[in-house]
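Inspection log for the structure reproduced underneath, given as structure tokens.
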Amino acid sequence: MGLTTTRAVILHTYRYSETSKILRLMTYELGPCSALARGALRPKSRFGGLLEPFVEGQATLYTKRGRGLHTLSSFEPIGEYRQLGVSLDSFTIASVLCEMVMRLAPEHRDDDLYATLIDGLEGLHNSEGSDSNADLKYVWALVDTLGFRPELDECVVCGRSIGFEGARFDFSAGGLQCMDCAPHGPGMNSAEIRDLRALVGGGSVETHGGQQARWLADFIRYHLTEGANLKSLPFLRALG
């Protein structure tokens, strides 16, 4: 059994017994993994109630090759984003980020994915839920990092360049479709196309409300989940 110290984000927690819990982590060194936190639920636990979703810390793990469940030795917080729960919109988007990483991250170290997750949690923390539409860019960044960036400049059917004159978002085909091709997907006006491009590119948007969250959730369902049901997606669809 080896000892590994690594930065880690708590994605989810499960009660394991009357006194312990299991953590789902995204770690910098090991990628996604699970860890048993013995005694974490005791009133005088050395973890002090820190082991909750959206918390980043320096984790020390007892690891064993080929073992799916490690043992948590210590956890020193670096960044605490638990206050994201104060805003329903921020909590929803943070939950989507963590669930996507928990369900879809490759089973190995991924520096870009870890950095994208941290950027998203920090961005949500700093925005304080002021604009859920603008905060969707953090989910699109994770979609991009996982390799599923949509095609927004050319029609996915005929290859014609798409400006701002109107288009349809064809989720199953992975991008925009010009209005002259078969009408699959919801229609988008020029402002919606502009905002979608800005969000996928990591920029800001001026429009509040609308369908951007619903379209993002539907795109994720088509391309990232492979039939799996992410519990946070219905809440993402309801934003806006």
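Please find, within region 13-28, the residue that is surrounded by the most Cβ atoms within 10 Å (Cβ to Cβ) out of those that are of a type outside the set (S, T, N, Q) and modelled with pLDDT under 95.
Looking at the filtered set, the residue picked out is 16.
Give 196, 230, 216 a once-over and let me know the one that is in contact with a Leu (Cβ under 6 Å, 6 or more places away or on another chain) and closer than 29 Å to residue 115 by Cβ.
Being in contact with a Leu (Cβ under 6 Å, 6 or more places away or on another chain) and closer than 29 Å to residue 115 by Cβ holds for just one of 196, 230, 216, which is 216.
Those residues that are outside any loop (DSSP other than H, G, I, E, B) and either under 22 Å from residue 132 (Cα atoms) or within 24 Å of the chain's Cα centre (by Cα) (or both), I need them from region 163-185; list them, please.
169, 170, 175, 176
Go through (1) modelled with pLDDT of 95 or more; (2) buried (at least 20 other Cβ atoms within 10 Å of the Cβ); (3) more than 30 Å from residue 216 (Cβ to Cβ) for residue 40 and report which single condition fails.
The one condition residue 40 does not meet is (1).
Out of everything in region 71-125 that is hydrophobic (A, V, I, L, M, F, W, C) and surrounded by fewer than 16 Cβ atoms within 10 Å (Cβ to Cβ), what residue ends up being nearest to the chain's Cα centre (by Cα)?
Per the criteria, the residue is 115.
Within region 173-184, can one find any residue that is in the same structural domain as residue 107 (by TED's automatic domain parsing), closer than 27 Å to residue 87 by Cβ and acidic (Asp, Glu)?
Start the filter on region 173-184 by keeping residues that are in the same structural domain as residue 107 (by TED's automatic domain parsing), which leaves 173-184.
Adding the requirement that they be closer than 27 Å to residue 87 by Cβ leaves none.
Within region 173-184 (the criterion being in the same structural domain as residue 107 (by TED's automatic domain parsing), closer than 27 Å to residue 87 by Cβ and acidic (Asp, Glu)), the answer is no, since none of the residues qualifies.
Picking from 221, 168, 237, 194, which residue would you name as being of a type in the set (Lys, Arg), farther than 28 Å from residue 91 by Cβ and free of Cβ contacts under 8 Å to residues at least 60 places away in the same chain?
Answer to the check: 168.
Could you say which residue among 135, 153 is under 30 Å from residue 32 (Cβ atoms), in the same structural domain as residue 223 (by TED's automatic domain parsing) and touching a helix residue (DSSP H, G or I) at 6+ places or on another chain (Cβ under 9 Å)? Steps first, answer last, please.
Values: 153 fails: under 30 Å from residue 32 (Cβ atoms).
That would be 135, the only listed residue that is under 30 Å from residue 32 (Cβ atoms), in the same structural domain as residue 223 (by TED's automatic domain parsing) and touching a helix residue (DSSP H, G or I) at 6+ places or on another chain (Cβ under 9 Å).
Determine whether residue 188 is buried (at least 20 other Cβ atoms within 10 Å of the Cβ), in the same structural domain as residue 101 (by TED's automatic domain parsing) and either more than 20 Å from the chain's Cα centre (by Cα) or without any contact (Cβ under 8 Å) to a residue 60 or more places away in the chain (or both).
yes
Looking only at region 126-161, count how many residues are at pLDDT below 90, in a helix (DSSP H, G or I) and surrounded by 15 or more Cβ atoms within 10 Å (Cβ to Cβ).
4
The values are calculated or read from the model by the stated rules, or taken from the named source; none is laboratory data. Please read these numbers as outputs of a predicted model, since none were measured by experiment. Neighbour counts run over all protein chains shown; Cβ positions are idealised from the backbone, glycine included.
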